[in-house]
Amino acid sequence: MGTRVLIVEDEIKILSVMESFLQSEGYDVLTAMDGQTALQLYREHKPDIVILDWMLPHLNGLDTCRQLRQTGSPGIIMVTAKSEETDKIVGLEMGSDDYLTKPFSLRELSARIRSLLRRMNLTVNDESGSVLRRGDLKIDEERLQVFKGTQELHLTPTEFKLLHLLASKPGRVYSRMQLLRHAFEEEFIVDERTVDSHISKLRKKIEGGGRTSDYIQTVYGFGYRFGAEYDH
């Protein structure tokens, strides 16, 4: 079974065109025209990538994205006619990994999917193995899983990649641009504030609430670091 993609789009012509194109690219494609159906299909089939329209009947794209994140960790590309920067940030904060503004070309869609799949393929072992242990966090690079104690944290592919980079070298300070280059395709994501949105969501998941993370520390005017006190 190849990569499975779920397209969630309520405009039938756009849905049909994307479905045909992605099938021709070799993807196993599922389709839904509303958020509730999308959630049901996700639970049943666990697609790798979800292409999610912002404006949907019954349950909008943002709420669908939020519920997908509570259910699992697919790669999510938000598709919308909204082009304002604040809309993009809202989508990222709700858990999307990338953002496409209508109208877009099928070649761009294909490139975004490939880019996200590369970010999800994080199986790089080192001499210490594929599991990092930092405080009560266990970060399993091979299985793309993070546990805090016995509780599994459901991170997006981008959040996982940022956490793994920071935790791999506690105490080292990474600039926002360094984090961007590691976690994103530069030709698509160029706003350094995008990193802040993902770090904010990551901190909340690690701490289980809204308070400041002890693990990921802000270095004001520069970027972020993982607490040196968690280096074993």
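Summary of computed values
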| item | result |
| --- | --- |
| Residue identified as within 15 Å of residue 97 (Cα to Cα), surrounded by fewer than 16 Cβ atoms within 10 Å (Cβ to Cβ) and modelled with pLDDT of 85 or more among 181, 114, 118 | 114 |
| Residue in region 1-43 that is surrounded by the fewest Cβ atoms within 10 Å (Cβ to Cβ), counting only those that are of a type in the set (Asp, Glu) and not in a helix (DSSP H, G or I) | 11 |
| Residues within region 63-74 that are over 12 Å from residue 42 (Cβ atoms) and within 14 Å of the chain's Cα centre (by Cα), tallied | 1 |
| Search result, residues across region 146-159 that are part of a helix (DSSP H, G or I) and touching a strand residue (DSSP E or B) at 6+ places or on another chain (Cβ under 7 Å) | 157 |
| Criterion (in contact (Cβ under 8 Å) with a residue 24 or more places away in the chain, buried (at least 21 other Cβ atoms within 10 Å of the Cβ) and either of a type in the set (S, T, N, Q) or in contact with a His (Cβ under 7 Å, 6 or more places away or on another chain) (or both)) met by exactly one of 162, 166, 202, 155 | 162 |
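Residues checked against (1) β-branched (Val, Ile, Thr); (2) within 20 Å of the chain's Cα centre (by Cα); (3) at negative phi:
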position	(1), (2), (3)
3	yes, yes, yes
8	yes, yes, yes
16	no, no, yes
24	no, no, yes
29	yes, yes, yes
32	no, no, yes
35	no, yes, yes
38	no, yes, yes
44	no, no, yes
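Listed here are the residues, each with its yes/no results for (1) among the β-branched types (Val, Ile, Thr); (2) within 24 Å of residue 59 (Cα to Cα); (3) modelled with pLDDT under 90.
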{"position": "2", "(1), (2), (3)": "no, no, yes"}
{"position": "7", "(1), (2), (3)": "yes, yes, no"}
{"position": "26", "(1), (2), (3)": "no, no, yes"}
{"position": "29", "(1), (2), (3)": "yes, yes, no"}
{"position": "35", "(1), (2), (3)": "no, yes, no"}
{"position": "39", "(1), (2), (3)": "no, yes, no"}
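To keep it simple, each residue is scored yes or no on (1) at pLDDT 85 or above; (2) hydrophobic (A, V, I, L, M, F, W, C); (3) assigned to a strand (DSSP E or B).
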{"residue": "124", "(1), (2), (3)": "no, yes, no"}
{"residue": "138", "(1), (2), (3)": "yes, no, yes"}
{"residue": "197", "(1), (2), (3)": "yes, no, no"}
{"residue": "204", "(1), (2), (3)": "yes, no, no"}
{"residue": "211", "(1), (2), (3)": "no, no, no"}
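The values are calculated or read from the model by the stated rules, or taken from the named source; none is laboratory data. Model, not experiment: these values are computed from the prediction. Positions of Cβ are backbone-derived with ideal geometry, glycine not excepted, and every protein chain shown enters the neighbour counts.
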